[in-house]
Amino acid sequence: MPADTRPTGSIRNIPIGVWTLGFVSMLMDISSEMIHALLPVYLVTALGASMVTVGVIEGIAEATASITKIFSGALSDWLGRRKWLAAFGYGLAALTRPVFPLASTVGWLVAARFVDRIGKGIRGAPRDALVADLAPSELRGASFGLRQSLDTVGAFIGPLLAIGLMWWTADNFKAVFWFAIIPALLSLALISFAVREPGRPQGRRRVRNPVSLTEIRNLGADYWWVVAVATVFTLARFSEAFLILRAQNVGLPITLLPAVLVVMNVVYALAAYPAGALSDRFSRVPLLAIGILLLVGADVALALLPSLGGVVLGVVLWGLHMGLTQGLLAALVADTSPAELRGTAYGFFNLLGGLAMLAASIIAGGLWDIAGPRGTFLAGAGFAIIALAGLLAVQGKVGANATGNDAG
């Protein structure tokens, strides 16, 4: 970890490299969310896909990204360098963008999402490890919160652009998909030319085989407790595609459906940095517990209030829960893993989370077809309560290194 003697507690003290990586994420998320905000409805209305198909596609897409992260994260530890692996992942995602407007069948869209998520998987673990390498330990929560906030700004700008373009083009899905190519290319250019990777600190141990049994043990018990809690929690947090479909279910016009992700991500972006900064001063675990309770509230509102107001309440609570959990979980991984194994640590963290997301999305799609949206969201609330119980049961183990202390 590079030395940093600047005063803490200010967003201005966060390193420029973390800011730049945040803008890289923001631009790629603008591109991704312009497509993601419309894709579930496009699949169902234009291509005739079933709800189970939507769940399978979303689950496979996210699981693919997560499985890929274990390899790219371990490779970044072995090389001792992270930037160019991340840049390759952003480039691969950018190259897939033209497939979305050109696809004429569900199969082509599945392939495009698959390759796009491989790009996400390649960049994810090296990028998160690079943030941890750049951030001073006393600003780790704030740094991850800032990157997450900027990423999430892109996640609501993208749907806003999608709304405007859908209105301007009279609901022309393919025109929106073509426009999404531009921010993806800008993201690739920014990470390639504006991000500087710090040199390897003297004395840091070199890792010959990051995924060997010995190195997996070296990740430590505290790290694996964090992964266990996060994996159970992910079972409660299925794809946001189901928020869009719930809004359509209560009568929101197709042109305005991207507003669901706009609202959620505005709340998410506003909450992520303050939550991260607060976690640098206090334990991360209580904030994480509050985030899980917010997810329970979101699910209950979406299940039991079948109206536009109920959807708005559920979406706002969903965004708050994301802000209080995602950056904190990423910071907890850095807190509890050795510096020379951070890429591998983020890889395993995302691998298990991705498998849980695959299961959650498939279950959600099946429940929707069998029991409707009420059954889907109540099941999500049940999984969230189980995750909260697990967090409270192991809070001593998880919380011991959960206040921003440097683990390596």
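The values are calculated or read from the model by the stated rules, or taken from the named source; none is laboratory data. The model shown is predicted, which means the values in this text are computed figures rather than measured ones. Cβ: placed from backbone, ideal geometry, glycine included. Neighbour counts: every protein chain shown. Note: accessible area is taken over every heavy atom of the protein model, side chains too, but ligands, DNA and RNA are not part of it. Shrake-Rupley method; radii C 1.70, N 1.55, O 1.52, S 1.80 Å.
Summing charges over all other residues whose Cβ lies under 14 Å from the Cβ of Ser212, with Lys and Arg as +1 and Asp and Glu as -1, gives +1. Residue-wise HN-Hα couplings along the range 377-392, as the Karplus relation 6.51 cos²θ - 1.76 cosθ + 1.60 with θ = phi - 60° gives them from phi, are 6, 5, 5, x, 4, x, 4, 5, 5, 4, 4, 5, 4, x, 4, 5 Hz; Gly and Pro carry x.
Sequence-distant contacts, meaning Cα pairs under 8 Å at least 6 residues apart, place the relative contact order of the chain at 29 percent.
For the chain, which whole percent of the accessible surface, found with a 1.4 angstrom probe, sits on carbon and sulfur atoms?
69
Taking a sphere under 13 Å around the Cβ of Ser25 and counting the other residues whose Cβ falls inside, with K and R at +1 and D and E at -1, yields a net charge of 0.
Remark: the range 204-209, residue by residue, has Karplus-estimated 3J(HN,Hα) of 5, 5, 7, 10, 7, 9 Hz, where x stands for each Gly or Pro and the curve is 6.51 cos²θ - 1.76 cosθ + 1.60 at θ = phi - 60°.
Spin-label pair Ala221-Trp84: with each label point 7 Å from Cα along the Cα-Cβ axis, the two points sit 4.1 nm from one another.
The helix-only estimate of mean residue ellipticity at 222 nm for the chain, built from DSSP H runs of length n ≥ 4 each weighted as -39500 (n - 2.57), is -25500 deg cm²/dmol after division by the residue total.
Total Lys pairs in the chain closer than 24 Å by alpha-carbon, pairs eight or more apart in sequence or interchain only?
Details: Lys69/Lys83; Lys69/Lys120; Lys83/Lys120; Lys120/Lys174.
Qualifying lysine pairs in the chain: 4.
Mind checking which of Arg205, Arg284, Arg113 has the largest fluctuation in a GNM of the chain, springs on alpha carbons under 10 Å? Of Arg205, Arg284, Arg113, the Gaussian network model singles out Arg205 as fluctuating most.
In this label model, Ala393 and Leu102 are separated by 5.0 nm, measuring between points 7 Å along each Cα→Cβ vector. Modelled spin-label separation between Arg205 and Ser192, with each label point placed 7 Å from Cα along the Cα-to-Cβ direction: 3.7 nm. In the range 263-294, which residues have a backbone nitrogen under 19 Å from the label point lying 7 Å from Ile385's Cα in the Cα-to-Cβ direction? Backbone N within reach: 289-294.
On the basis of the beta-carbon distance and an R0 of 30 Å, Ala111 and Ala228 show a calculated FRET efficiency of 0.35.
Please list Phe282, Phe71, Phe383 from largest to smallest accessible area, probe radius 1.4 Å, with all protein chains kept in place. Don't skip to the end; give the middle numbers.
Values: Phe282 115, Phe71 145, Phe383 65 Å².
Descending order: Phe71, Phe282, Phe383.
Between Val44 and Trp178, the FRET efficiency estimated from the beta carbon spacing at R0 = 25 angstrom works out to 0.75.
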